[in-house]
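Encoded as structure tokens, the structure appears first; notes follow it.
What follows draws every value from the coordinates through simple rules; no lab data is involved. Treat the numbers as computed from the prediction; the structure is a model and nothing was measured. Counting neighbours? That spans all protein chains shown, and the Cβs are built from the backbone with ideal geometry, glycine included.
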Amino acid sequence: MSLWTLYAKLAGRWLRTVGRFLPLVALFASGIGWLLYVIAGYAPAAATAAAMLFLLRLHRSRRDLHFIRLHLHRPRIRLGTEYFALSLLPAALLALQEAWPWAVALVATAPLIALLPEPRSGAGRGKRLSIGLLGHSPEWTAGIHRHPVVAVLLLLFVAGCCLLPYFGFPALYLAALCCAGLYEDNEPLQLLLLPEQGSSRLLRTKIAEAWRNYFLAASPFALAAGLLHPETAWLAALWGPLAALMLVYCIVAKYAHYDPAARGGSSTAAQLGLVGFLFPPLLPVSLCLLIRYAVQAESNLDRYLYDYD
């Protein structure tokens, strides 16, 4: 099997994993491209640096470098070609903003990343973020450790939207939807038994951890959006309660259908109920489902948890 065949198989597996969320991923990627285009108009140096940092992070997180250097002749030329191709899109955005020197500099320096030494692998890599900083939440810790680039890009996207009027608080609400996705998969039963809590107390702990992590991360951006654009501060009255309810809904919907043998935590009906938090006319339906799932989650967890309370 050739290297290109392996890449094609990996791309096919990624598409199957993303599945129905592919339009959302494409929309998010388009938003990142638009943000880079806007930044390139005001500060092309910052846009160039952001593109280079993304390529450097990609190089540091790759796990196929050793495989490439063992099976390919002149692997650095192969890697340099890849990074050159990846730099063409941000360079085109810089060129559209007439920042030609920065576009040329990006295209010229991107292949040099292949000359960097192979990142050292170790058990401690990717563990710089302590679980204690995230309220000892396994969902948040695992999600950020698995997708650090997505987390950084989401922060940059929200920061860029906070600079624009009427974009800051909707971007924070979109970030809440992304954070709710952390509760999509079921954790092993042993991890659920570890806190030694009953069902009602466990649900309260999960909700408190989600609120703590999300609002602590979002508060600087919300403050910046309110100070930069005071006329949009009224949106905070909608953003705060709706984001909190969305997180509660995703948590109780997950544990209402919790099954240690199943990977997914939410049913199709629960995912459709999430639409109500995006389209206000359907919000009463989502609130009714929230109450139903809260009762169902407690009774379902009683099947797996001991009576610690």
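Of note:
- Projected label points at residue 92 and residue 223, each 7 Å from Cα along the beta carbon direction, are separated by 4.0 nanometres.
- Considering only 77, 40, 163, and ranking their Cα positions along the charge dipole of the chain that arises from unit charges at the beta-carbon of Lys, Arg, Asp and Glu, the one farthest toward the positive end is 77.
- Vicinal HN-Hα couplings computed from phi for segment 162-177 (Karplus, 6.51 cos²θ - 1.76 cosθ + 1.60; Hz; Gly/Pro x): 5, 7, 9, x, 6, 10, x, 5, x, 5, 5, 5, 5, 5, 5, 5
- Most mobile of 250, 178, 288 in a GNM of the chain (Cα contacts under 10 Å): 288
- Rg ratio (alpha-carbon, reference 2.2 N^0.38 Å) - segment 166-301: 1.11
- Using only alpha-carbon positions in the chain, the gyration tensor eigenvalues give semi-axes of 38, 27, 17 Å once each is multiplied by 5 and square-rooted (largest first).
- Segment residue 201-residue 237, extension gain: residue separation times 0.36 nm, minus the distance between their alpha carbons: 10.1 nm
- At full extension, residue 16 and residue 81 could sit 20.7 nm farther apart than now, given 0.36 nm per residue minus the alpha carbon distance.
- The chain: most fluctuating residue of 105, 176, 151 per GNM, C-alpha cutoff 10 Å: 105
- For segment 7-52, the share of alpha carbon pairs falling in successive 10 Å distance bins from zero is 25, 32, 28, 15 percent.
- Each Cα pair of segment 21-115 feeds into the Kirkwood radius, which the Stokes-Einstein equation turns, at 20 °C and 1.002 mPa s, into a diffusion coefficient of 151 µm²/s.
- Shape index of segment 184-256: Rg/Rh, with Rg the Cα radius of gyration and Rh the Kirkwood radius from the inverse mean 1/r over Cα pairs, equals 1.11.
- Proximity of backbone amide H atoms, modeled 1.01 Å from N, is registered between residue 185 and 265 at under 5 Å, excluding neighbours fewer than 5 places apart on the same chain.
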